[in-house]
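S.K.: Structure below; questions to follow.
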Amino acid sequence: MKKVAALTWLTAIAIAALGLFHVKYEVQRLEKDLSQEHQLILDHREAIHVLKAEWSFLNQPTRISELAARHLGLAPMIGEQVVQLEVLPERKERPNDQDEAPAAHLEATLASAKGE
Amino acid sequence: MMSPVRGPMNRHDQTARHMRPARLAATVQLEGAANQALETGRTRLLVASLLFAAAFLVIGLRLLGLGLLAPGQEPSLAEAPRASQHAAVRADIVDRNGTVLATTLPTASLYANPGQIRDPAAVADRLAAILPELSPSATAVKLASERSFVWLKRKLTPREQYRVNSLGIPGLYFQREQERVYPHGPLTAHVVGFANVDNQGLAGIEQAFEETLRENPDPVQLSIDLRVQHIMAEELAAAMAEFKAIGATGLVLDVRSGEVVAMVSLPSFNPEAPGAAPNDARFNRASLGIYEMGSVFKIFTTAMALDQGAVGLNDGFDVSRPIRVARFTINDFKPKKRWLSIPEIFIYSSNIGTVHMAMEAGTSAQQAFLGDLGLTRSAALELPEIGEPMLPSPWREINTMTISYGHGLAVSPLQLVGAVAAVVNGGELKPLTLLKRPESTAVPGRRVMSAETSRNMRWMMRLVVQHGTGRKANAEGYLVGGKTGTADKLLGRRYSDDARIASFIGAFPMDNPRYVVFAMVDEPKGTKKTYGYATGGWVAAPVVRRVVERMAPLVGIMPRPRDEAEGVEQLLIPANFEGPAFAAR
């Protein structure tokens, strides 16, 4: 009877010890993972920070206006080009092809534009 | 825990060895003392075991409590990384739309451990190919030295770092450092300022917010709108080039909140190399420079005379004869030689009429009024570079006369803009700021004139642009109003004949002003196109027109169609002062 009790206790101690070590190693592994992730987050944040500065640099108004002048062929807007919605005359009659889906119409226009 | 053990032990004692002595003990008297000792031992054992039991019970309960009943989650051992951890050195400065104006970037500096370098000459050659500023011979000497640490180059660009790294030479190392970077360089140099190599602010916001930038990782958000700033800088630079001027400055101020939306001072400098710039370029003309502003001061004189009730709108003065005081003669630039009404005096910028107005109000009234508008003390703004106004001392009658048309009192453009904002916004002086105010909060101001006076000044300023000296500032559809100013510069004790300040201060839209726009060009020279004139109307007014035209769509101010604009003007301007007939009178 005593032997059985001792054996039970010993087994219990062994299991507890094994469990303890297992948990300990698991925690160590997770903590390492966590600190790696944190380092990664910091690296990414730093990269974002640098990229933001670069984005701001690339958005220099002088540079943008040069690019716009070279590639867009647009001029600064003047006051007379702006019209408020209320000022526009109302459409007299609805077009007949009202049922046709606007998307389909757009696609047709795009297709014809491509074909040209 | 101990007590159950005692039973078997006793039994064992009695049965195995001490049975006989124990029985004897009952009869032997001497055994009493031993028995007593035994009893004492037992009692002690009991006390100790009880103590231990209590301790284990407490530990057990505590374990139960922690395991089952602990509130919330357990504290995390590893702290989450903070946003600022990598850039804790110095916070960013951003504009009102969040565009980065100043930031701190990690950078790498190259150093070597000469002890680990086998072939200094070869290494020096390969480095020189990437970093041309390193001379191979000097580098080879450094690399062959006995020390264990030599700097090769501080603050490499990321590309240089990458290329040096890809050489894969053992013994070369990078040291991480922090560098202050200004992505928009000269455009915001005077506002943002700059920092030295140790990242200490030496000018502008960098200096004024030194502590905040160091301690608080959140960016400092300015009221500056980079787009408007760019427009102002570009137009001023164009005017400077056209009129061969030595400098220029411009300001855009939100009249409702007192926020400075643009502050430009030309020539500018590169804040990453402030030492290379001449002093003149580092000088902030907008806040530190003080100038005699000339005719733009007539805004204040007219407002004062009307607000004090010294004159009425329908009054007027004969301006046909110059005013002679002591050895001075006050004359008009383009004499009208007749009686002018108050609005006419303002629109045609008559010095004589304005002096009469100021004399009606008196010296003390002028002092008090200009003081209320903040023109007699330094402007309050979050910049270390703030110019102190130059006041006449003593303030005699002759000073009152000259100050009425803007001579004899020198103020900074910043003060002027703040005061004009108060004139057009309904009569409240708002505190100026370079920091973005939260939207939709009303900024409390100090009333400096009646709303009625402010309304009258608005339509008079509109008339200046419609029919008077400021016609070139008329941005179609935006109802610009304003006043031109041309002042001869003081050279020593005399006024110069050919060095002058040409300025224009405008506001728009005049029925409900949102922004004050100021442009000033320092020492412009007349051109053929301007018939040799280099006055505010010819030089600065067109700058303001173009700035208004370009910035209005950006800040969400709709241009008015012509008929609507005329309708608004009719409501704004009293009928008897309206139209070309009035202008031709």
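S.K.: So, in nm, how far is label residue B:141 from label residue B:493 when the simple model puts each one 7 Å beyond its Cα toward the Cβ?
M.R.: Here the answer is 5.9 nm between the modelled labels.
S.K.: Just how far, in whole angstrom, is segment B:168-220 from segment B:239-301 if you go by their alpha carbon centroids?
M.R.: Taking the Cα centre of each part, segment B:239-301 and segment B:168-220 sit 24 Å apart.
S.K.: If one computes the Cα centroid of segment B:124-163 and of segment A:8-84, what distance in Å separates the two points?
M.R.: One Cα centre to the other: 33 Å.
S.K.: In addition: Across peptide B:180-187, how many C-beta atoms of other chains are within 10 Å of each residue C-beta, on average?
M.R.: Details: counts 0, 5, 3, 9, 6, 3, 1, 3.
Neighbouring Cβ atoms belonging to other protein chains average 4 per residue here.
S.K.: Accessible area per residue for the protein assembly as shown in Å², computed with a 1.4 Å probe and the full protein assembly in place, what is it?
M.R.: Details: 38830 Å² over 701 residues.
Accessible area per residue, the protein assembly as shown: 55 Å².
S.K.: How charged is the neighbourhood of residue B:157? Take every other residue with its Cβ under 11 Å from the Cβ of residue B:157, and add Lys/Arg as +1 and Asp/Glu as -1.
M.R.: Local charge sum for residue B:157: +2.
S.K.: Let me make sure I get this right: for chain B, a, b and c are the square roots of the gyration tensor eigenvalues over alpha carbons, sorted descending. Under 1.5 in a/c it's rounded, otherwise prolate if a/b > b/c, else oblate. Which is it?
M.R.: On the way: a/c = 3.83, a/b = 2.14, b/c = 1.79.
In terms of gyration-tensor shape, prolate.
S.K.: Here's something else I'd like to know. Can you tally the net charge around residue B:309? Count Lys and Arg as +1, Asp and Glu as -1, for every other residue whose Cβ sits under 15 Å from the Cβ of residue B:309.
M.R.: On the way: positive: none; negative: B:307, B:315, B:360, B:452.
Here the charged neighbours net out to -4.
S.K.: Right, another one. Is the C-alpha gyration tensor of segment B:366-474 telling us rounded, prolate or oblate? Criteria: a/c under 1.5 is rounded; beyond that, a/b larger than b/c is prolate, otherwise oblate. Let's see the in-between values first.
M.R.: Values: a/c = 1.60, a/b = 1.07, b/c = 1.50.
Oblate is the answer for segment B:366-474, as a/c is 1.5 or above yet b/c matches or exceeds a/b.
S.K.: Using only the Cα atoms of segment B:124-163, build the gyration tensor, take square roots of its eigenvalues as a ≥ b ≥ c, and label the shape rounded, prolate or oblate: rounded if a/c is under 1.5, else prolate if a/b is larger than b/c, else oblate. Please list the in-between numbers first.
M.R.: Details: a/c = 2.52, a/b = 1.51, b/c = 1.67.
In terms of gyration-tensor shape, oblate.
S.K.: Work out the FRET efficiency for residue A:27 and residue B:377 from their Cβ-Cβ distance, taking R0 = 60 Å, and round it to the nearest 0.05. Display every interim value, and only then the final one.
M.R.: Details: r = 66 Å, r/R0 = 1.10.
About 0.35, to the nearest 0.05.
S.K.: Also, quick follow-up: Where the accessible area of the protein assembly as shown is counted over protein heavy atoms with a 1.4 Å probe, how much of it, in %, is carbon and sulfur? Could the numbers behind the result be given before it?
M.R.: Working: 22400 of 38830 Å².
Here it works out to 58 percent.
S.K.: So, one more: Of B:403, A:13, which has the most accessible area and how do the rest follow, probe 1.4 Å?
M.R.: On the way: B:403 0, A:13 105 Å².
My answer, sorted largest first, is A:13, B:403.
S.K.: Right, here's the next one. Based on the Cβ-Cβ distance from residue A:46 to residue B:197, what FRET efficiency comes out when R0 is 22 Å, to the nearest 0.05? Intermediate values should be presented prior to the final figure.
M.R.: Numbers: r = 21 Å, r/R0 = 0.95.
FRET efficiency, residue A:46 to residue B:197: 0.60.
S.K.: Now a separate question. Report the full-extension gain for the segment residue B:336 to residue B:393: residue separation times 0.36 nm, less the Cα-Cα distance, to one decimal in nm. Let's see the in-between values first.
M.R.: Numbers: separation 57, 0.36 × 57 = 20.52 nm, distance 3.29 nm.
Length difference between fully extended and current span is 17.2 nm.
S.K.: Are any of the pairs A:52/B:430; B:436/B:483; A:3/A:24; B:244/B:483; B:334/B:529; A:52/B:244 more than 26 Å apart by Cα-Cα distance, and if so, which?
M.R.: Numbers: A:52/B:430 34 Å; B:436/B:483 28 Å; A:3/A:24 31 Å; B:244/B:483 23 Å; B:334/B:529 20 Å; A:52/B:244 38 Å.
Beyond 26 Å between Cα atoms: A:52/B:430; B:436/B:483; A:3/A:24; A:52/B:244.
S.K.: While we're looking at this one, here's another question. What is the interface area between chains B and A, defined as buried accessible area summed over both chains with a 1.4 Å probe, reported in Å² to the nearest 100?
M.R.: Values: alone 29270 and 11770 Å², together 38830 Å².
Roughly 2200 Å² of accessible surface disappears when B and A pair.
S.K.: Given a 1.4 Å probe and the protein chains all in place, what does the accessible area of residue A:37 round to, in Å² to the nearest 10?
M.R.: The value for residue A:37 is about 100 Å².
S.K.: In segment A:26-57, what residues drop by 40 Å² or more in accessible surface going from the chain by itself to the full protein assembly, probe 1.4 Å?
M.R.: A:38, A:42, A:45, A:46, A:49, A:53, A:56
The values are calculated or read from the model by the stated rules, or taken from the named source; none is laboratory data. Worth saying up front: this structure is predicted, and the values here are computed from it rather than measured. All Cβ positions, even for glycine, are placed from backbone atoms using ideal geometry, and neighbour counts span all protein chains on display. SASA here: full protein model, heavy atoms, side chains in, ligands and nucleic acids out. Shrake-Rupley method; radii C 1.70, N 1.55, O 1.52, S 1.80 Å.
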